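Following: one structure in structure tokens, then a few remarks.
The values are calculated or read from the model by the stated rules, or taken from the named source; none is laboratory data. Fair warning: this is a prediction, and the values are worked out from it, not measured in the lab. Using ideal geometry, Cβ is built from the backbone for each residue, glycine included, and neighbour counts are taken over all protein chains shown.
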Amino acid sequence: MSKQRIPFPIRIPFVEQMGLELHSAAGGKAELRVDLAEAHLNSWEVAHGGVLMTMLDVAMAQAARSVQSHASPDKAGVATIEMKTSFVRPAEGELRAVGTLLHRTSTLAFCEASVFDDGGHLCAHATGTFKYLRALPTPKGGVKLQRGVPAAKE
């Protein structure tokens, strides 16, 4: 697995605020990491379940997106339809989430992901279903496009 951080293909302010880093996303697989800080902890001083669920969700979503053509300017985003999570053990230190696309149709992606601690121990596992979307409908009958990542300046 890569230690090299890569940019997320889209901007997600919540993910940025959490400090999640994308390390790979290609061919139906994705890996992201976070080095836990105090803001990530629960009252037991281990990773809050919401941190683990977010990591699992984002890893699966990136795995689902990774099979789409990067050349297409109208590349679809994904929305989580359902997710089932199992917490296996307390998570501490640097965490690594690995997501895998198991199967896809033209509109749905079926994925799984696991979070491991820095000792390689499984901390949480999830399965999820994601819908490929080009835009979200708005209450007034319009559409809302996905927020992109600003282009790098040369």
Suppose the filter is more than 25 Å from Gly19 (Cβ to Cβ) and outside any loop (DSSP other than H, G, I, E, B); does Ala39 pass it?
no
Which condition number does Cys123 fail, the rest of (1) under 22 Å from Ala26 (Cβ atoms); (2) out of contact with any Gly (no Cβ under 9 Å at 6 or more places or on another chain); (3) buried (at least 18 other Cβ atoms within 10 Å of the Cβ) being met?
(1)
Could you tell me whether region 65-87 includes any residue that is among the aromatic types (Phe, Trp, Tyr), surrounded by fewer than 16 Cβ atoms within 10 Å (Cβ to Cβ), in contact (Cβ under 8 Å) with a residue 40 or more places away in the chain and over 24 Å from Leu133 (Cα atoms)?
no
From Leu95, Leu52, Leu56, Leu101, grab the single residue that is part of a strand (DSSP E or B), within 15 Å of Val34 (Cα to Cα) and either modelled with pLDDT of 95 or more or in contact with a Lys or Arg (Cβ under 8 Å, 6 or more places away or on another chain) (or both).
Leu95
If I go through region 1-36 residue by residue, how many of them are surrounded by 16 or more Cβ atoms within 10 Å (Cβ to Cβ), out of contact with any Asp or Glu (no Cβ under 8 Å at 6 or more places or on another chain), at pLDDT 95 or above and not in a strand (DSSP E or B)?
4
